[in-house]
1. For residues that are under 11 Å from Gly444 (Cα atoms) and among the hydrophobic types (A, V, I, L, M, F, W, C), scanning just region 401-419, find the one that is farthest from the chain's Cα centre (by Cα).
2. I want to confirm something. Restricting to region 533-585 and keeping residues that are in a strand (DSSP E or B) and acidic (Asp, Glu), which single residue is modelled with the highest pLDDT?
3. If you check Gly404 against the conditions, is it over 30 Å from Gln114 (Cβ atoms) and in contact (Cβ under 8 Å) with a residue 24 or more places away in the chain?
4. Quick check on region 140-169: of everything there that is in contact with an Asp or Glu (Cβ under 7 Å, 6 or more places away or on another chain) and not small (Gly, Ala, Ser), which residue is farthest from Asn214 (Cα to Cα)?
5. Within region 298-312, work out how many residues are surrounded by 18 or more Cβ atoms within 10 Å (Cβ to Cβ) and out of contact with any Leu (no Cβ under 7 Å at 6 or more places or on another chain).
6. For region 517-567, enumerate the residues that are of a type in the set (A, V, I, L, M, F, W, C), farther than 22 Å from Leu41 by Cα and touching an Asp or Glu at 6+ places or on another chain (Cβ under 7 Å).
7. Which residues, taken from region 419-456, are in contact (Cβ under 8 Å) with a residue 24 or more places away in the chain and over 27 Å from Thr575 (Cβ atoms)?
8. Criterion first (more than 22 Å from the chain's Cα centre (by Cα), closer than 15 Å to Phe174 by Cα and either part of a strand (DSSP E or B) or assigned by TED's automatic domain parsing to the domain that holds Ala164 (or both)) does Arg229 satisfy it?
Amino acid sequence: MKHQHLIGGLLLAASVAASASVTSPVIGKLLWSEEFNGASLDGSVWTASNGNGCQIGLCGYGNQELQSYQPGNLSIVNVPFEPATRALAITARREVVGANQFTSGKVDTSGKVQVKYGMVEVRMATPKVGVGLWPAAWMLGTSPQAWPRNGEIDIMEQGGRQPAGLPPISPEQFVGSNVIFFHQDACVPGNETCAASTAWQTKNWYAPSRSLANRFVTYRLYWTDTQMRFSVVDNGREYDMYKSPITITSPALNEPFYLLLNMAVGGNFTPAATPAQITAPLPATAYVDYVRVYELDGKGEVKLGVGTTPEVGKFGVFTDTTPVNNKQELGASSDFFIWNTGSMGGGSLAPFEGDNVIALNYFAPGQWFGGAIQSRRVHDMSGFRNGHIKLKIKVPANVAFRIGILDTYTNHGWVNFPANATSYGLVRNGEWGTATIPVAEIAGSLVALQSMNSLFEFLSLDGAVPGAAFQIAFDDIVWDSGTGATQAVSKRSALAPAAATVSAQAVQTGTTTLEFAAASSGWVDVHYTVNGSDARTVRMRQDGGTSRYTVGGLKRGDVVEYRVTAWDAARQLATDSASKTVVLK
């Protein structure tokens with residue numbers, strides 16, 4: 001567990017019948033595994049962290065951690081106390097990097113491997129954690145929503161304060177698990193993030209009589225659409241962390257998650273808040289022998305890459321009766337947020353169509369306003385660049401506002417609707433009108449349409465906040481790819497598909513690896529399939545004027561088909577390269 005851990009919130013674990021599938025599991029085929037048997041860390045699966053969190057605007061990773069993560073603290077080695085075993089070694093050291101007095105290692109599979117349901121198994125050995133070391137194997141939801149709305153699953157974490165209910169024992173003699181998610185009932189003073197925790201004031205640990213230091217045990221997560229169970233397999237026997245399985249009450253826990261492995265030094269989970277309080281013997285190394293994902297009672301899936309399927313045709317962001325190819329549902333796959341509740345609340349305007357409407361009342365003249373429909377899943381809208389966003393708006397003519405979109409990299413795109421002016425076809429007469437916004441215009445050069453978070457946002461215009469109360473409503477918000485019979489509303493929205501200005505190549509760099517490369521000064525995504533499997537889309541890493549991405553886990557005879565999508569800064573649009581095929585030798 002990491003990422004703004006709050007030992008607080010609300011207990012939402014519940015007892016279930018002993019016959020539940022997670023307590024009498026039927027384990028199926030192996031879906032995916034990482035055995036850590038290679039010469040070095042597989043970069044197509046894992047990303048190594050580099051820094052103390054400040055580089056992502058979260059110093060101390062939200063937990064007041066004391067270390068700086070360094071890629072050099074990660075290696076694949078033969079385990080000293082089990083020489084026949086090769087494993088990932090995560091080493092914490094007492095050494096100064098910048099403002100930090102400690103270094104350690106952390107890896108994750110974000111954007112590379114995603115897991116949903118099944119049995120996740122981690123064979124791991126931890127060092128003497130003493131006071132200050134915090135090894136963990138955990139998962140975060142791939143939802144673009146912020147923590148804790150995206151969900152967190154802590155398969156194991158060690159080194160925390162001794163839980164109530166345990167007699168005084170060594171910190172090497174207990175290890176716990178936890179699930180964290182958003183819940184309205186957890187919104188109490190001191191827990192402003194509304195993080196609900198299944199480990200809050202309940203038994204959630206395993207306490208062996210023998211120290212866990214420098215020996216392997218196996219940690220398991222049994223996960224279905226209704227339940228979770230955490231256990232430890234120690235010396236051939238399985239022990240439950242919780243007394244009963246956890247009943248899933250949050251929709252965030254029914255979405256894909258990515259994997260993380262790390263060992264923090266200090267932080268608010270441990271008893272060590274300052275460097276002087278660290279008494280754990282250093283250097284210290286945690287070893288991960290493998291991570292495996294199996295089918296559980298017929299459930300379980302592992303997706304490689306970003307794991308999203310491109311949307312096509314018409315996509316409903318908020319609509320009831322309009323025919324669409326796919327759509328969001330508020331409260332199920334999306335949420336609506338008012339950004340400034342001090343100026344705006346629910347309104348009383350009737351829907352334009354169907355039974356639902358986003359109706360809002362602005363009651364604080366002189367104050368800014370804004371809000372958004374935030375997706376619970378990442379959406380690939382790359383096929384809509386030459387299309388448009390069409391929506392119904394009801395607003396007084398003298399109110400100025402903006403409409404925007406947001407990608408998962410926090411890039412916004414906006415278009416303006418000045419007061420008393422017809423913009424994007426919206427006639428300002430105070431009645432329901434239609435706005436048609438070219439996607440190419442609102443996205444511009446920065447928004448990554450292949451990885452979208454919010455497909456609709458609105459905001460007051462700077463310097464033009466309303467001087468009187470009013471009501472505003474939005475309805476029937478639809479993205480249209482423009483591939484059908486649609487009316488062009490501007491020169492930019494009528495652009496024909498552009499000829500590609502970028503070419504890609506794939507070079508086999510090893511017996512199991514293939515490197516994609518494309519020359520481009522902007523962002524580049526590679527789309528590829530292996531032996532006709534589901535398409536995978538990955539943002540390539542920029543290396544000077546070339547973007548690169550290496551895929552691993554291949555074998556001789558594998559057929560890889562690929563193409564890239566690149567941003568053409570000169571023409572302000574995205575282009576696709578021709579598809580190519582390569583066969584592994």
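The values are calculated or read from the model by the stated rules, or taken from the named source; none is laboratory data. Quick caveat, the model's predicted, so the values are computed rather than measured. We place every Cβ from the backbone using ideal geometry, glycine too, and count neighbours over all the protein chains shown.
1. Val415
2. At the first step, the residues of region 533-585 found to be in a strand (DSSP E or B) are 536-539, 541-543, 546-551, 559-568, 573-576, 580-583.
Next, only the ones that are acidic (Asp, Glu) stay: 543, 561, 568, 576.
On the way: Asp543: 68, Glu561: 85, Asp568: 67, Asp576: 72.
Only one residue tops the list, namely Glu561.
3. Numbers: over 30 Å from Gln114 (Cβ atoms): no; in contact (Cβ under 8 Å) with a residue 24 or more places away in the chain: yes.
It is false that Gly404 is over 30 Å from Gln114 (Cβ atoms) and in contact (Cβ under 8 Å) with a residue 24 or more places away in the chain.
4. Filtering first and then ranking leaves Thr142.
5. 7
6. Val564 - this is the single residue of region 517-567 that is of a type in the set (A, V, I, L, M, F, W, C), farther than 22 Å from Leu41 by Cα and touching an Asp or Glu at 6+ places or on another chain (Cβ under 7 Å).
7. Ala419, Gly425, Leu426, Arg428, Asn429, Gly430, Glu431, Trp432, Gly433, Thr434, Ala435
8. On the way: more than 22 Å from the chain's Cα centre (by Cα): yes; closer than 15 Å to Phe174 by Cα: no; either part of a strand (DSSP E or B) or assigned by TED's automatic domain parsing to the domain that holds Ala164 (or both): yes.
The answer is no for Arg229.
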